[in-house]
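I have placed the structure first, in the form of structure tokens, so that the comments after it can refer back to it.
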Amino acid sequence: MNDLYEQAKNVLSNSYSKYSGFKVAAAIRLHDGTIITGVNVENASFGLTNCAERTALYTAYTKGYRKEDIKEMVITTEKDHLVSPCGACRQVMSELMTPDVPIHLVTNNGSVTTVSNKELLPLAFDESDL
Ligand code: THU
């Protein structure tokens, strides 16, 4: 987990967060050892902002990886308190990663809280509801 956290920290400064000033980075480890990172990318039309978690996941899918390929995810910020994913990201994470994938929420001072993907979104809406 430490190396994954390091990779997330390395891209945190690339966060394009000129409106909120709130930098977020995510890093995904694939079962083949590949690590994919993402940051939040904001826009003057605020609603078009893409969160770090979705940036990383969409990049993984763009490269051809799918949910079964994902081993774990780290999410980190510059804050010393626990930050967990927004509701929109939880919905996307619920579909694009398997239920038991560990999500490590790491504070700036290195405190780690690990939850499973399914714990983040109980009673999720999914394709079976369509
Ligand atoms: N943000 C993320 O990147 N991930 C989250 O799960 C929470 C929010 C970003 C979106 C926006 O750029 C900034 O944090 C403030 O909301």
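Given C-alpha coordinates of region 2-124, what is the ratio Rg to Rh with the Kirkwood estimate of Rh?
Ratio value, two decimals: 0.93.
In the chain, once you exclude exposed trypsin sites (Lys or Arg not before Pro) (DSSP loop, at most 13 other Cβ within 10 angstrom), what's the longest stretch remaining?
No qualifying site falls inside 80-130, the longest such stretch.
Efficiency by 1/(1 + (r/R0)^6): what FRET value for L48 and S13, r their Cβ-Cβ distance, R0 = 22 Å, to the nearest 0.05?
Once rounded, the FRET efficiency stands at 0.50.
Given a 1.4 Å probe and the protein chains all in place, what does the accessible area of F125 round to, in Å² to the nearest 10?
110 Å²
Leaving out ligands and nucleic acids, note down the accessible area per residue over region 2-124 with a 1.4 angstrom probe, in whole Å². All intermediate terms of the calculation are to be shown ahead of the outcome.
On the way: 6220 Å² over 123 residues.
With all protein chains present, region 2-124 gives 51 Å² per residue.
Give me the net charge of K23's neighbourhood, meaning all other residues with Cβ under 13 Å from the Cβ of K23; Lys, Arg count +1, Asp, Glu -1.
Combined, the nearby Lys, Arg, Asp and Glu give +1.
Tell me the mean residue ellipticity at 222 nm calculated for the chain from its helices only (DSSP H runs of n ≥ 4, each -39500 (n - 2.57), averaged over every residue, nearest 500).
Rounded to the nearest 500, it is -8000 deg cm²/dmol.
Is any helix in the chain, taking whole DSSP H runs, at least 18 angstrom long along its axis by alpha carbon and on average at least -0.5 on the Kyte-Doolittle scale, and which ones?
On the way: long enough: none.
Helices meeting the span and hydropathy rule in the chain: none at all.
Run the numbers for E119 and E6: contour at 0.36 nm per residue of separation, minus the present Cα-Cα distance, in nm.
Working: separation 113, 0.36 × 113 = 40.68 nm, distance 2.46 nm.
Residue separation times 0.36 nm, minus the Cα-Cα distance, leaves 38.2 nm.
Rounded to a whole number, what % of the accessible area of the chain do carbon and sulfur atoms account for, probe 1.4 Å?
Percent of accessible area from carbon and sulfur atoms in the chain: 51.
What do you reckon, how do S116, S13, S111 stack up by accessible area (1.4 Å probe), largest on top?
Highest to lowest solvent-accessible surface, that is S13, S111, S116.
The values are calculated or read from the model by the stated rules, or taken from the named source; none is laboratory data. Bear in mind that the values here come from a model prediction, so they are computed numbers and not experimental data. Cβ: placed from backbone, ideal geometry, glycine included. Neighbour counts: every protein chain shown. What goes into the accessible areas is simple: the full protein's heavy atoms, side chains included, and nothing from ligands, DNA or RNA. Shrake-Rupley method; radii C 1.70, N 1.55, O 1.52, S 1.80 Å.
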